[in-house]
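Everything below concerns the one structure shown next.
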Amino acid sequence: RAERNLRDGKIEKAQEMFTGISWFKDSETMILKCDFKTAEKLLVEGKTEEAVEIFKTLIDEGYTEANDALVDTLFDVVESLNDEGKTEEAMELISTIESLGGEVSGYLAEQRQDAAMELYIEGKYKEAREMFNSLGQDDMVFECDYYIALEYKKNYDYAEAMAAFNALDDYNDSKEQFDSCEEALIDENQGES
């Protein structure tokens with residue numbers, strides 16, 4: 001009957017019944033399972049902090065499923081914090097996830113990818129280039145280098161622009177841009193003489 005109550009979502013009733021027969025079979029484990037189900041229910045209701053506390057208690061009591069559930073829950077909290085712009089808090093929580101054995105390297109790489117893309121979209125090509133370079137994304141490094149070279153050209157720094165376009169070889173229209181800068185530099189020098 002206790003198991004039927006648990007299946008039917010009557011968690012409190014089931015837990016009460018399992019507690020009454022705690023000496024029988026796997027009742028102790030089933031009591032923990034009821035706590036786990038309570039935590040899941042709290043998550044659905046948006047009561048994350050209460051659920052996290054239950055998961056932590058279950059981990060201390062050796063209920064292995066609670067660890068994965070806690071990691072997943074904390075990742076959801078990290079996402080919410082990032083959406084709210086609370087990056088530092090999110091990064092602190094990532095340390096907690098890592099201490100629980102959660103795989104964070106893929107998540108961190110994704111975060112850095114998003115941050116690099118954001119910088120790129122904002123036109124902060126030098127900062128974006130550094131991040132893309134650390135992520136090993138050569139195609140985006142070339143893209144940033146190209147736009148950095150265009151910025152040099154736009155600011156009439158033709159010598160820097162030529163050096164940058166020259167380093168890009170055949171990327172995009174780098175050769176044409178190089179030639180254009182070279183002509184502008186010659187015109188500029190002739191105008192001064």
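Results, tabulated for the structure shown:
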{"read-out": "Residues satisfying the stated conditions in the range 18-34, i.e. part of a helix (DSSP H, G or I), open to solvent by 40 Å² or more (accessible area, probe 1.4 Å) and among the β-branched types (Val, Ile, Thr)", "value": "Thr19, Thr29"}
{"read-out": "Pairs where the first residue, in the range 96-125, is without any contact (Cβ under 8 Å) to a residue 12 or more places away in the chain and more than 16 Å from Val141 (Cβ to Cβ) and the second is assigned to a helix (DSSP H, G or I) and open to solvent by 50 Å² or more (accessible area, probe 1.4 Å), C-beta under 8 Å, 6+ apart", "value": "Val104/Glu98"}
{"read-out": "Every residue from the range 70-121 that is among the hydroxyl-bearing types (Ser, Thr, Tyr) and crowded, with 17+ Cβ neighbours inside 10 Å", "value": "Thr73, Tyr120"}
{"read-out": "Count - residues of the range 136-158 that are part of a helix (DSSP H, G or I) and surrounded by 13 or more Cβ atoms within 10 Å (Cβ to Cβ)", "value": "15"}
{"read-out": "Sole residue being at pLDDT 75 or above, more than 23 Å from Gly62 (Cβ to Cβ), open to solvent by 40 Å² or more (accessible area, probe 1.4 Å) and not acidic (Asp, Glu), chosen from Lys37, Lys13", "value": "Lys13"}
{"read-out": "Residue check for Leu43: open to solvent by 40 Å² or more (accessible area, probe 1.4 Å), among the aliphatic types (A, V, I, L, M) and within 28 Å of Gly101 (Cβ to Cβ)", "value": "yes"}
{"read-out": "Enumeration of residues in the range 159-193 that are farther than 26 Å from Met117 by Cα, assigned to a helix (DSSP H, G or I), without any contact (Cβ under 8 Å) to a residue 24 or more places away in the chain and among the small types (Gly, Ala, Ser)", "value": "Gly191"}
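The values are calculated or read from the model by the stated rules, or taken from the named source; none is laboratory data. The model shown is predicted, which means the values in this text are computed figures rather than measured ones. Positions of Cβ are backbone-derived with ideal geometry, glycine not excepted, and every protein chain shown enters the neighbour counts. Ligands, DNA and RNA are excluded from the accessible area calculation, which covers all protein heavy atoms including side chains. Shrake-Rupley method; radii C 1.70, N 1.55, O 1.52, S 1.80 Å.
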